[in-house]
Amino acid sequence: MTGEAAIAGRPRDPEVDRRVLRAAAEVFGEDGWGRFTVDSVARRAGVGKASIYLRWPNKKELLTGCLEARITPVADIDTGSVREDLVRLAEQLLTAFFGESGRATTRLLLEADRIPGVAERVARLRQAEVLAARSIVRRGIARGELHRDTSVTLLLDAVVGGCLNHALATPAHLRPQVAAGLTDYAGRLVDFVLGAVSR
């Protein structure tokens, strides 16, 4: 929709935007890109397809808008402690995997490369997150908190992989219960991993 049309027409309803983006995350998380349609999102959101097309011209742009609005990237972390940094990293990842759009986040990790126009944006996001995570470990090595020969890749594989596996292995009916204990789990996971590499 052009700026002129937005001014001349009725103002967009932010509540409709929120409902559509939430529905898009749910549909993508449950069904994946192959069955992701404007039709299915409109039904889930309880709005007409026309309302969606006024905002997003096609399903690719709809999914992109959903991802930008509802999936939070990992923030840079530097507390001065490698343990605290890794715990906060794990907390961010677990919150993303167990949050309201957690299934969409997980699905995106598996399917982004197959989605035209989305793959490039996700690749840039992942690259920024990887660099931020690797900086955490390198600072820990530089400060002497970790052995000099610590493998940055293996350490992060253990932490990040542990978070993802925790989400994938949790049955749907237990997700709310598990989500309530994410902070404790993040600390225990990081302590377990650091036990193999700390001085």
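Tell me the GluC sites (Glu not before Pro) within the range 17-118 that lie in a loop according to DSSP and have at most 13 other beta-carbon atoms within 10 Å. The partial results should precede the final answer.
Numbers: sites: Glu26, Glu30, Glu61, Glu68, Glu84, Glu91, Glu100, Glu111; in loops: Glu100.
Listed in order of number, the matching sites are Glu100.
Between the range 94-170 and the range 17-87, how many Å separate their Cα centres?
The distance from the Cα centre of the range 94-170 to that of the range 17-87 comes to 19 Å.
What does the charge count around Ala90 come to, taking other residues whose C-beta lies under 14 Å from its C-beta (Lys +1, Arg +1, Asp -1, Glu -1)?
So the environment of Ala90 carries a net charge of -4.
For Kirkwood radius over Cα pairs in Å, pick the label among [x] 17.0; [y] 16.6; [z] 18.6 that corresponds to the value derived from the coordinates.
This structure yields the entry labelled [z].
For the range 121-164, which trypsin sites (Lys or Arg not before Pro) pass both filters: DSSP loop (anything but H, G, I, E, B) and at most 13 other C-beta atoms within 10 Å?
Passing sites in the range 121-164 are Arg143, Arg148.
Which value at 222 nm does the chain reach when only helices count, each DSSP H run of 4 or more adding -39,500 (n - 2.57), with the total divided by all residues and rounded to the nearest 500 deg cm²/dmol? Please list the in-between numbers first.
Details: 11 runs with 138 residues, N = 199.
So the helix-based figure for the chain works out to -22000 deg cm²/dmol.
Roughly how much of Asp184 is accessible, in Å² to the nearest 10, using a 1.4 Å probe?
My reading of the accessible area for Asp184 is about 90 Å².
Can you give the convex hull volume of the alpha carbon atoms of the range 88-199 per residue, in Å³?
Cα-based convex hull of the range 88-199, divided per residue, equals 103 Å³.
Rolling a 1.4 Å sphere over the protein heavy atoms, what is the accessible area per residue of the range 40-137, to the nearest Å²?
Accessible surface, normalised per residue, equals 50 Å².
Considering only protein heavy atoms, with the full assembly of protein chains and a 1.4 angstrom probe, order Leu164, Leu156 by accessible area, largest first. The partial results should precede the final answer.
On the way: Leu164 50, Leu156 15 Å².
Of Leu164, Leu156, the descending order of accessible area is Leu164, Leu156.
Could you state how much accessible area His166 has, in square angstrom rounded to the nearest 10, with a 1.4 Å probe and all protein chains kept in place?
In the full protein context, His166 sits at about 40 Å².
Treating only the Cβ atoms of Lys and Arg (+1) and Asp and Glu (-1) as charged, compute the dipole magnitude of the chain about its Cα centre; round to the nearest 20 debye.
300
Within a Cβ distance under 14 Å of Leu189, other residues only, what is the Lys/Arg minus Asp/Glu net charge?
-3
The values are calculated or read from the model by the stated rules, or taken from the named source; none is laboratory data. Since the structure is predicted, the reported quantities are computational estimates derived from the model, not experimental observations. Note that we place each Cβ from the backbone using ideal geometry, even for glycine, and neighbour counts take in every protein chain shown. What goes into the accessible areas is simple: the full protein's heavy atoms, side chains included, and nothing from ligands, DNA or RNA. Shrake-Rupley method; radii C 1.70, N 1.55, O 1.52, S 1.80 Å.
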